Amino acid sequence: MNKLMKTLLRITVFLAAFCLLVTPSWRLAEMMLTRDLSLEPLPHPLLPVLVRPADGEAAFGIGFYPGLNPQSRLVTEIADSDLDKINRDLRSRIGAENSAYAYFKIIGRGNRYTDVSLEVPTTGDFWRKGWYRIQDGSVHPQKLIFYGPGLGMIAGILCCLGGTIALLCCNKVLRDRDARKRQEG
């Protein structure tokens, strides 16, 4: 195998490993950066929660728990039929009316509780997502993650590491192959 073919093979192996690892690396980075809030009290308003204005306006919005604005009422009862309106209201905050992205999701329901996730709509590069339980009219924080360049850097480093390991394995296979050819010839 000539030098150009070996170089192209090495590039292909690195890129293939890198691309195959993008999704698992992103998920691993998310797991590493997700903060468990169920055991620690929140020192300042971090967790995004679904609210409605106290003045009776029908639109859903986002507040940050604890320390909600007194002008806002925490939404503690959610019907499945409300989900479309909730997400439409959240998308309209950033002008994404043509989108179908669900910023607010019901994760599960149990005996007198509802588990939800809420992602803060933004047009920027940084956003947060929180998971919380609504039970007995109050919020019980569960998890929080801040999406930003740190998460992408961790995922990218993991992909590069995987690509480098694949490249090292490829180099070993090529060296062993060349050594066998020299012994035979």
Discussion item. If I stretch the segment between Thr114 and Ser38 completely, what's the gain in nm (0.36 nm per residue apart, minus their alpha carbon distance), one decimal?
Written reply: 25.9 nm
Worksheet entry | the chain, Rg to Rh (Cα coordinates; Rh as Kirkwood inverse mean 1/r) | 1.22
Practice prompt. Pairs of lysines 8 or more apart, or on different chains, with alpha carbons under 17 Å: count those in the chain, would you?
Written response: 9
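Assuming R0 = 41 Å, what is the FRET efficiency of Arg73 and Thr23, from their Cβ-Cβ distance, to the nearest 0.05? Numbers along the way, then the final one.
Details: r = 39 Å, r/R0 = 0.94.
The computed FRET efficiency comes out at 0.60.
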Worksheet entry | Residue-averaged 222 nm ellipticity for the chain, from DSSP H runs of 4+ at -39500 (n - 2.57), nearest 500 | -14000 deg cm²/dmol
Worksheet item: Based on the alpha carbon coordinates of segment 88-183, what radius of gyration and maximum Cα-Cα distance (Dmax) apply, in Å?
Response: 23.3, 77
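Given R₀ = 35 Å, what would the calculated FRET efficiency be for Tyr101 paired with Asn171, taking r from the Cβ atoms and rounding to 0.05?
E between Tyr101 and Asn171, to the nearest 0.05, is 0.25.
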Practice prompt. Please get the size of the charge dipole for the chain, origin at its Cα centre, with Cβ charges of +1 on Lys and Arg and -1 on Asp and Glu, quoted in debye to the nearest 20.
Written response: 1260 debye
Worksheet item: With a Cα-only, solvent-free Debye model of segment 115-170, what are the log10 I(q)/I(0) values at q = 0.17, 0.21, 0.28 Å⁻¹?
Response: -0.70, -0.82, -1.03
Fill in: Sequence of Val173, Val75 when ordered by accessible area, the most exposed leading, probe 1.4 angstrom
Val173, Val75
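The values are calculated or read from the model by the stated rules, or taken from the named source; none is laboratory data. Since the structure is predicted, the reported quantities are computational estimates derived from the model, not experimental observations. Heads up, the Cβs are rebuilt from the backbone with ideal geometry, glycines too, and the neighbour counts pull from every protein chain shown. Note: accessible area is taken over every heavy atom of the protein model, side chains too, but ligands, DNA and RNA are not part of it. Shrake-Rupley method; radii C 1.70, N 1.55, O 1.52, S 1.80 Å.
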